[in-house]
Amino acid sequence: MDLYHPSESFVDRANVKPGEPYEALIAKASADPEAFWSDLAESELHWFRKWDKVLDESEAPFYKWFTGATTNMSYNCLDRHCKTWRKNRAAIVWEGEPGDQRTLTYQELLRAVERFAAVLKAQGFRAGDRAILYMPMVPELPVAMLACARLGITHSVVFAGFSAEALKTRILDLDAGLVVTADGGWRRGNIVPLKQAVDDALGDCPGVRSVIVYRRTGNEVEMTPGRDAWWHDLEADVTAGCPAERLDAEHPLYVLYTSGTTGKPKGIVHSTGGYQLQVSMAMRWVFDIKDEDTYWCAADVGWVTGHSYIVYGPLLVGTTTVMYEGAPDFPEPDRFWSLVDKYKVNVFYTSPTAIRAFIKFGTEYPERHDLSSLRLLGSVGEPINPSAWEWYHSVIGGGRCPIVDTWWQTETGSIMISPLPGVTALKPGSGTFPLPGIAADVVDLEGNSVAPGGEGYLVVRKPWPSMFRTLWGDPERFRETYWSQIPGIYFVGDAARKDEDGYFWVLGRVDDVMNVSGHRMSTAELESTLVRHAAVAEAAVVGMPDELTGQAVIAFVTPIQGNDPTDELAAELREWVAQQIGKFARPKQIRFSDALPKTRSGKIMRRLLREIVTTHKVSGDITTLEDLSVVNRLAAQQDED
Ligand code: WTA
């Protein structure tokens, strides 16, 4: 396989250079990880009070970092930079889908955050409270996040593509007292009615005492007196100035819900001190950020990628972060490239699904624009197939930009496995090596490292600063899901291979979690949603390989007697899922069957369904199957498709 080396000019300017500097970094990280991280914490961030202990393992797996220290994320992202030349640098360069534009300097962003923090304070919210942020991709979303962080209000951003039902589940689980939203957001020329969804959700959420509404789209909304208020009205009533609270390093910064193997989403809890350290380091090591860079992560703030690499990471290191509100193909499939050209983006980070969609649109769209400002590209969310990698490298990167294929998870908070762009020789499709200080490995079920060339389970052997601290309200599930498969070692849930040169290749999930367009989806959550529909007796959901989205959701459904398996019912069920979870979760196909393959003890054999949708036949062990004819019928149905 061809190796891709960085150019000499890239290496010359790289933040981490090959040879001795890189080796020294790795050596220090492995010899004494605590000294390694604490030295970086000291040079990289502001602490109001220094820590007593770098890593507290006394209640493992509930690890704590920088105990005794006080700090503030909002202070590190804003106030600190405003004491330097950076105060007049662009912090956020934003473009709305209709083409409107805004730029906020660090100074302006700080003022906006202080103002909104003052609003929250005036409403009586304070450290320890929880806020749900259900917002479009406008600068006020980072403003709200940073205002919460400033006061120690733990925020939970709910992706604006989630339905009212999904929003309600999260508000209730978190027992949030505040919801910040907007009248709507723009998506493919249409208004997404966010306030309407909040109203639908809040009927069952008596704990919410305040809803703050930002005016974005100007559509009519209903305001409930005593509960709802406009963002701009509340701001008019406060005087500026709101200092950052001195918060414990372990203070929960945010909770972000992600899919697990059961029907109930998991609230991933991130803390402050360790998280801000590791995302800062990733900006320097992986994205190689320079003072003059314009950086664009084209994800959504509703997912962890947006938290760490649109908002917190870029602002911590004082760079300019580009934010775009809408769809990549609106009004035409060249929107991303027009933005790269217009804002002279230097570092660009996106997902393999987006890249595959661009390949399908054709090279004429990137060719319309000057992409020569780009010097570094990134990929995240799912394994990138080598042909998509090659296209990204040559068509978008002009053959001159290294690609950092970054592996990480909502749980890890920050990038864990990735090339260092000035150091690592790249292999298309491989995330290459763990970052300095990250003890990732590929092991068998006893925890033994696999030999070179072997496959196994991806794990992290030692705690890392940006690790999640627990699951909201469910510490037992935290221990059980992640720390008990191989006792004491973090079990990722991905399969991986280490090749003869030690390169890591992440192969995909080992549990019943699917990855559709880089979004994690739980089979159990989809199944329990489908069986809640009045016409459904049973449902089993599997992922089918899909050229564009990586995996696509296929739902096998047994209707309740008296409901005909019609196209109308299939359409209704797809709509039901959209309404209950969100449009992005809608199954690609509904396949009706009068029975599902089950073991004699009544468990649905998803493995067989998976085989049917991937290989069109069943080859594995079916000795525990109760009724073989079911499988034959399903396989025959597949052949007809
Ligand atoms: C997958 C997104 C291969 C993996 C940041 C992981 C990847 C899950 C990569 C986490 C990559 C993410 N190569 N697979 N570069 N990045 N994954 O929580 O299965 O939305 O466990 O976090 O996405 O998804 P999550």
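The values are calculated or read from the model by the stated rules, or taken from the named source; none is laboratory data. The model shown is predicted, which means the values in this text are computed figures rather than measured ones. Backbone-built Cβ (ideal geometry, glycine too); neighbour counts: all protein chains shown. For the accessible areas, the whole protein counts, side chains as well, though only heavy atoms, and no ligand, DNA or RNA atoms are used. Shrake-Rupley method; radii C 1.70, N 1.55, O 1.52, S 1.80 Å.
Of all residues in the stretch 381-395, those that are part of a loop (DSSP other than H, G, I, E, B) have Cβ atoms under 9 Å from Cβ atoms of residues that are within 11 Å of the ligand (Cβ to nearest atom) and aromatic (Phe, Trp, Tyr), 6 or more apart or on another chain, in Gly381/Trp303; Pro383/Trp407; Pro383/Trp505. One residue alone among Val553, Val541, Val557 is modelled with pLDDT of 90 or more and in contact with a helix residue (DSSP H, G or I) (Cβ under 6 Å, 6 or more places away or on another chain), and that residue is Val541.
Pairs are defined by a Cβ separation below 6 Å, a sequence spacing of at least 6 or placement on different chains, a first member in the stretch 404-432 that is within 16 Å of Glu390 (Cβ to Cβ) and basic (Lys, Arg), and a second member that is open to solvent by 10 Å² or more (accessible area, probe 1.4 Å) and within 13 Å of the ligand (Cβ to nearest atom); the pairs so defined are Lys427/Tyr503.
For the residues Val221, Val208, Val238, Val213, the requirement of being at negative phi and touching a Leu at 6+ places or on another chain (Cβ under 8 Å) singles out Val208.
Listed here are the residues, each with its yes/no results for (1) at pLDDT below 95; (2) closer than 30 Å to Glu525 by Cα; (3) not basic (Lys, Arg).
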| position | (1), (2), (3) |
| --- | --- |
| Ala201 | no, yes, yes |
| Trp230 | no, no, yes |
| Asp237 | yes, no, yes |
| Tyr257 | no, yes, yes |
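Among the residues of the stretch 283-302, those identified as touching a helix residue (DSSP H, G or I) at 6+ places or on another chain (Cβ under 6 Å) and either of a type in the set (S, T, N, Q) or open to solvent by less than 10 Å² (accessible area, probe 1.4 Å) (or both) are Met283, Thr294, Tyr295, Cys297, Val301.
Within the stretch 358-391, the set of residues being away from the ligand (no atom under 16 Å from the Cβ), open to solvent by less than 60 Å² (accessible area, probe 1.4 Å), among the aromatic types (Phe, Trp, Tyr) and within 26 Å of the chain's Cα centre (by Cα) comprises Phe358, Trp391. Might you check whether a residue that is in contact with a helix residue (DSSP H, G or I) (Cβ under 9 Å, 6 or more places away or on another chain), under 18 Å from Lys598 (Cα atoms) and within 15 Å of the ligand (Cβ to nearest atom) occurs anywhere in the stretch 517-524? Yes: one or more hits. Checked against the criterion of being away from the ligand (no atom under 12 Å from the Cβ), open to solvent by 20 Å² or more (accessible area, probe 1.4 Å) and either free of Cβ contacts under 8 Å to residues at least 12 places away in the same chain or not hydrophobic (A, V, I, L, M, F, W, C) (or both), the stretch 508-516 has at least one qualifying residue. With a requirement of 1 or more residues that are within 30 Å of Thr470 (Cα to Cα) and out of contact with any Cys (no Cβ under 8 Å at 6 or more places or on another chain), the strands (runs of 3 or more DSSP E) lying completely within the stretch 1-109 that satisfy it span 53-56, 64-67. Considering the stretch 401-413, the residues that are within 16 Å of the ligand (Cβ to nearest atom) and assigned to a loop (DSSP other than H, G, I, E, B) include one that is farthest from Tyr490 (Cα to Cα), namely Pro402.
In this structure, does Tyr490 turn out to be of a type in the set (Ser, Thr, Tyr), within 28 Å of Gln276 (Cβ to Cβ) and either within 15 Å of the ligand (Cβ to nearest atom) or open to solvent by 30 Å² or more (accessible area, probe 1.4 Å) (or both)? Yes, satisfied.
For Gln107, the conditions (1) crowded, with 17+ Cβ neighbours inside 10 Å; (2) under 30 Å from Trp296 (Cβ atoms) all hold with the exception of (1).
Just so you know, in the stretch 181-207 the residues that are open to solvent by less than 60 Å² (accessible area, probe 1.4 Å) and in contact (Cβ under 8 Å) with a residue 60 or more places away in the chain include one that is nearest to Arg335 (Cα to Cα), and it is Gly189.
Taking the stretch 118-141 as the range and being of a type outside the set (D, E, K, R) and over 12 Å from Val180 (Cβ atoms) as the test, the residues that pass are Ala118, Ala122, Gly124, Ala127, Gly128, Met137, Pro139.
For the structure I just gave you, tell me whether Gly398 is more than 16 Å from the ligand (Cβ to nearest atom) and touching a residue at least 24 places away in the same chain (Cβ under 8 Å). Yes: the conditions hold for Gly398. Of the residues making up the stretch 410-427, at least one is closer than 27 Å to Gly302 by Cα and open to solvent by 10 Å² or more (accessible area, probe 1.4 Å). Number of residues in the stretch 129-169 that are of a type in the set (D, E, K, R) and crowded, with 24+ Cβ neighbours inside 10 Å equals 1. May I ask you to verify whether Gly437 is more than 15 Å from the ligand (Cβ to nearest atom), closer than 22 Å to Val16 by Cβ, open to solvent by 10 Å² or more (accessible area, probe 1.4 Å) and part of a loop (DSSP other than H, G, I, E, B)? Taking the combined requirement at face value, the residue satisfies it.
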